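First up is the structure itself, then whatever we jot down about it.
The values are calculated or read from the model by the stated rules, or taken from the named source; none is laboratory data. The structure displayed is predicted, hence computed values, not measured ones. When we count neighbours, we look across all protein chains shown, and the Cβ atoms used for this are built from the backbone with ideal geometry, even at glycine.
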Amino acid sequence: MSKWLDYTAYTVWGLAGVYALLVLCTYYAIKISIKVLRVSAKIVMNNLRMILIPLFGIAVMVVWILFYGYSLLWLMSCGQMVSNQVIVPGTGTVLGTYQSFTWTDE
């Protein structure tokens, strides 16, 4: 049992060493990405409307979806759903079905 633990520990240490070497090899890329993030943070802080525009778009979409859902529920409450079949003329084979509404006074 202790041999397996030793082998596992050596494997984990070896993978950690490989990961450290990969991070060291990409040091300059990490340094450039940190500079890019700092510049983008400055731009966002100088122009806070960049944060509000997506929030406004999300709010408009939520209102639209709620209106669509309300309209759909209102439409479905106006009548009965009827299942209709699509039949090929002359052969009598059924291609499929579709749903439609029939008006009721309820």
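The conditions of being at pLDDT below 90 and touching a strand residue (DSSP E or B) at 6+ places or on another chain (Cβ under 6 Å) are met by residue 102. Scanning the stretch 51-94 for residues being exposed (fewer than 10 other Cβ atoms within 10 Å of the Cβ) and touching a strand residue (DSSP E or B) at 6+ places or on another chain (Cβ under 8 Å) gives a total of 5.
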